[in-house]
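The values are calculated or read from the model by the stated rules, or taken from the named source; none is laboratory data. Just so it is clear, the model here is predicted, and its values are computed rather than measured. Cβ atoms come from the backbone with ideal geometry, glycine included; neighbour counts cover every protein chain shown. To get the accessible areas, we keep the full protein, side chains included, count just its heavy atoms, and leave off ligands, DNA and RNA. Shrake-Rupley method; radii C 1.70, N 1.55, O 1.52, S 1.80 Å.
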Amino acid sequence: MTTTASSHRQIAPPALEMTNVRKVYPMGDDEVVALDHATLTLGSDEIVALLGPSGSGKTTLCSIAGGLLTPTAGSVVVGGQDITAYNTKRLAKFRQETVGFVFQSVNLVPFLTARENLLVVNELGRRTGKQQARSRADQLLEELGLSDRRDNLPSQLSGGQRQRVAIGRALMNEPELVLFDEPTSALDTHLGEQVMQLIRSEMKSRGTAAVVVTHDERIVHYTDRTVRITDGVLHA
């Protein structure tokens, strides 16, 4: 039998596979269903917009995908790694090595420079050599147009620049999946579009998957697909 190069080519596993995931919170004799049998698969380099109003379950879904919350039921697989039954210690290691987060409030460490905000990821995570980590941080800051701002504190940066530092920090550990929580909510339309263009170019250039949580219809055209969520129920 003749073999071809394509027969040896490895197909990357989906970046995210959530199957029938539920998240339920007890409320006295009742329960609040934050996520209701959610099933979602992301390709290894796919960018998905998760669109829905406040309280719809967007943040809950991303928190479960990123190992910040555990599901009440269902399974969660990230980059081929089934995290459903991970304990607290294994989830912490998973977050350090496999996913990146960009939060709505950015959450940069205020007393660290832009460069140091990226380097702290290496201190907490894979612990590559210091020189290698510095080189990666400088490369990311250059790609993000922040080489001349690497020694600035967050208070010395504009809103858009702080968001770019947060993106660089999320990419520092070369994640399988990056989760963006309302990345443009604090920015005006022009800056918001710049940030989304940057997110798309950075994710695509690295072949990295992303979920962009948003309620803003204007930014969904920067993603590959839109998934809507209402009252904890996904609508593809």
Failed condition for Gln197, given (1) farther than 22 Å from Gly66 by Cβ; (2) within 18 Å of the chain's Cα centre (by Cα); (3) crowded, with 19+ Cβ neighbours inside 10 Å; (4) not β-branched (Val, Ile, Thr): (3)
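Among the candidates His235, His215, which residue alone is exposed (fewer than 15 other Cβ atoms within 10 Å of the Cβ), without any contact (Cβ under 8 Å) to a residue 24 or more places away in the chain and closer than 22 Å to Leu61 by Cα? Working first, answer last.
Numbers: His215 fails: without any contact (Cβ under 8 Å) to a residue 24 or more places away in the chain.
Every option except His235 fails the conditions.
Among the residues of region 158-190, write down those that are in a helix (DSSP H, G or I) and open to solvent by less than 20 Å² (accessible area, probe 1.4 Å).
Residues of region 158-190 that are in a helix (DSSP H, G or I), as a first pass: 159-171, 189-190.
Correct list: Gly160, Gln163, Val165, Ala166, Ile167, Gly168, Ala170, Leu171.
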Could you please find all residues in region 69-108 being open to solvent by 30 Å² or more (accessible area, probe 1.4 Å), without any contact (Cβ under 8 Å) to a residue 24 or more places away in the chain and β-branched (Val, Ile, Thr)? Thr70, Thr84, Thr88
